[in-house]
Amino acid sequence: MLKLIRLEWKKNRVGTYIRNAAIMTVILSLMLTAMAGELETAETVEAYGTDMINASVDLFMNMAYIIFTGVMLASFIVGAYEKRTMHLMFSYPINRKKILLSKMAAVWVFNVAAMVISKVFTFGMMLLARPFLGISAAGIAFGALSFWLDMLLGSAAMVSISYIALPVGLLMKSSKATIVTAVVITFLTQGNIGSATLANNMAFYGVLLVIAAWAVFLSLHRVEVRDLP
């Protein structure tokens with residue numbers, strides 16, 4: 001499986017995605033670092049508590065990587081059906097389900113790793129800028145195991161939820177449909193209507209993860225006999 005994942009990265013020119021993720025990370029890091037000073041005002045702390053910096057980093061990174069994962073799913077998987085290159089892939093002496101699963105895994109591993117690195121980079125920039133912007137480091141606990149576990153599990157959960165978009169794209173045989181669905185998922189999970197938001201509702205995320213697992217199952221179901229366009 002690892003060889004297949006590396007092959008998918010090479011075939012889909014993963015360097016382009018690394019570059020794009022790096023650019024996105026730098027832009028978000030600069031923006032969030034600039035915002036951090038404002039988030040530490042006495043009024044904000046009194047109204048929302050001391051965890052606004054962590055919440056803001058999570059919000060923007062979640063939004064960015066749900067969509068980024070959708071884009072990669074569209075390119076790695078749905079686009080192959082659109083361009084009819086799946087015929088060639090499925091002609092290899094490898095189980096079709098294993099090929100499709102390796103594509104999913106290639107996207108998942110890349111985005112989870114990229115999201116964790118992006119968050120670490122952003123928090124690192126905030127720590128460096130702390131003397132100049134008056135940012136509190138109370139919530140940036142690099143030395144705490146719970147900090148790293150929360151970051152890793154949160155990143156894995158957000159990337160996994162993005163897979164809800166995959167069967168939509170496969171059903172419609174449309175990369176655009178995959179990306180649009182990812183955008184809808186982003187606003188559903190990270191947006192708010194007035195004062196109402198589902199961003200911190202763990203039960204809601206649990207349901208979405210179950211739906212994501214079902215989406216992966218549907219994408220793999222009957223792939224051995226599924227007619228290709």
Q: Report, in whole Å, the centroid distance computed from the Cα atoms of the range 206-222 and the range 96-127.
A: 19 Å
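Exceeding 24 Å between C-alpha atoms, which entries from my cross-link table qualify? They are Lys3/Lys119; Lys83/Lys103; Lys11/Lys173. Present the calculation step by step, with values, prior to reporting the outcome.
Values: Lys3/Lys119 28 Å; Lys83/Lys103 16 Å; Lys11/Lys173 21 Å.
In this structure, Lys3/Lys119 lie more than 24 Å apart at Cα.
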**Q.** Least to most buried among Leu2, Leu128, Leu208, Leu152 (fewest other Cβ within 10 Å first)
**A.** Leu2, Leu128, Leu152, Leu208
Q) Can you run phi through the Karplus equation (6.51, -1.76, 1.60; θ = phi - 60°) for the range 52-67 and list ³J(HN,Hα) in whole Hz, with x for Gly and Pro? A) 5, 5, 4, 5, 5, 4, 4, 4, 6, 5, 4, 4, 5, 7, 5, 5
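If packing is taken as the mean number of other Cβ atoms within 10 Å per residue, what is the order of 158-165, 73-80, highest first?
The peptides rank, most packed first, as 158-165, 73-80.
As a footprinting exposure proxy, order Trp148, Trp9 by other Cβ within 10 Å, with the fewest listed first.
The fewest-first ordering by Cβ neighbours comes to Trp148, Trp9.
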Q: Kindly write out, for the range 102-107 in residue order, the coupling ³J(HN,Hα) from the Karplus curve 6.51 cos²θ - 1.76 cosθ + 1.60 (θ = phi - 60°), rounded to whole Hz, with x marking Gly and Pro.
A: 5, 5, 4, 5, 4, 5
Q | Karplus (6.51, -1.76, 1.60) ³J(HN,Hα), θ = phi - 60°, over the range 78-83, in Hz, Gly and Pro reported as x | A | 5, x, 5, 6, 4, 8
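Each reported figure results from applying straightforward, stated rules to the coordinates on display, with no laboratory input. Quick caveat, the model's predicted, so the values are computed rather than measured. Note: ideal-geometry Cβ built from the backbone for every residue, glycine included; neighbour counts use all protein chains shown.
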